[in-house]
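The values are calculated or read from the model by the stated rules, or taken from the named source; none is laboratory data. The structure presented is a predicted model; accordingly, all values stated were derived computationally and were not measured. As a convention, Cβ positions derive from the backbone with ideal geometry for all residues, glycine included, and neighbour counts pool all protein chains shown.
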Amino acid sequence: MMKKVFQGVVVMALFSFLSLGMTAKAEAAKLAKDVYKFQFQNIDEDAIISLSDFKGKVILIVNGASECGFTPQYKQLQALYTKYKDQGLVVLGVPSNDFGGQEPGANKEIARFCEINYGVTFPLTTKYVVSGGNAHPFYLWAKAKLGLGTAPKWNFHKYLINRHGQLVDYFNSNTSPDADKVVRAIEKLLAEK
């Protein structure tokens with residue numbers, strides 16, 4: 001009898017927990033239906049980058065680091081940006097020191113590094129936390145929107161946003177920006193009006 005009562009309590013607790021999790025996700029999703037409420041400080045620290053400025057564009061948001069094995073992805077990101085910017089693609093680089101301490105420099109050093117080594121002309125933000133509870137609000141929202149396993153686990157994690165500001169996909173760090181699946185996803189969203 002005691003075993004059945006215990007099992008019943010466990011089942012009820014599990015349902016309550018799952019219900020609470022679904023409610024929390026639903027509430028997080030209600031906070032912003034699109035990305036346009038989020039802002040970042042630009043890398044020069046003299047202006048705000050408001051994602052609402054990119055309404056009607058496809059946005060690829062990527063957390064980067066200068067001393068990472070994936071750092072050469074900056075060159076591929078720049079190539080994507082150059083090829084598709086006139087069709088409406090925006091690449092937004094978000095430097096972060098979250099993973100392995102691989103972005104130790106100050107903002108001016110990061111900007112110079114990206115420009116000199118990879119010819120980066122797409123917008124860069126100041127350095128932000130992109131993982132855990134203290135992450136920039138965009139990253140908390142993205143995790144709530146796409147689910148638990150979709151948060152950045154390393155540098156060069158990519159989020160793809162359609163022309164309506166909806167978060168539609170993500171690509172892990174080891175997926176290069178010029179991978180077929182990334183390019184196809186971007187081209188598909190660019191073709192949509």
Report, by residue number, each residue of region 35-76 that is assigned to a loop (DSSP other than H, G, I, E, B), under 16 Å from the mean Cα position of the chain (by Cα) and among the small types (Gly, Ala, Ser).
Ala65
Here are Ser66, Ser96, Ser52: which of them is of a type in the set (Ser, Thr, Tyr), within 15 Å of Pro152 (Cβ to Cβ) and in the same structural domain as Thr126 (by TED's automatic domain parsing)?
Ser96
Quick one: Lys127 ticks every box in (1) over 15 Å from the mean Cα position of the chain (by Cα); (2) charged (D, E, K, R); (3) closer than 18 Å to Ile49 by Cα except a single one, so which number is it?
(1)
Select from region 152-175 the residues that are within 17 Å of Phe70 (Cα to Cα), of a type outside the set (Val, Ile, Thr) and assigned to a loop (DSSP other than H, G, I, E, B) and list them in ascending order.
Pro152, Lys153, Trp154, Asn155, Phe156, His157, Asn172, Ser173, Asn174
Which one is farthest from Phe99 (Cα to Cα), of the residues in region 131-158 that are out of contact with any Lys or Arg (no Cβ under 9 Å at 6 or more places or on another chain) and aliphatic (A, V, I, L, M)?
Leu146
Can you tell me which residue is farthest from the chain's Cα centre (by Cα) among those in region 110-124 that are outside any loop (DSSP other than H, G, I, E, B) and in contact (Cβ under 8 Å) with a residue 40 or more places away in the chain?
Asn117
Ile48 surrounded by fewer than 15 Cβ atoms within 10 Å (Cβ to Cβ) and either among the β-branched types (Val, Ile, Thr) or at pLDDT below 95 (or both)
yes
Just need a number here: residues in region 86-107 that are part of a helix (DSSP H, G or I) and either touching a residue at least 12 places away in the same chain (Cβ under 8 Å) or among the aromatic types (Phe, Trp, Tyr) (or both).
2
Quick one: is Thr71 over 14 Å from Leu124 (Cα atoms) and touching a strand residue (DSSP E or B) at 6+ places or on another chain (Cβ under 9 Å)?
yes
So Ala144 fits all but one of (1) outside any loop (DSSP other than H, G, I, E, B); (2) of a type in the set (A, V, I, L, M, F, W, C); (3) modelled with pLDDT of 95 or more; what number is the exception?
(3)
Matching entry among Ala142, Ala135 (being surrounded by 19 or more Cβ atoms within 10 Å (Cβ to Cβ) and closer than 16 Å to Phe54 by Cβ)
Ala142
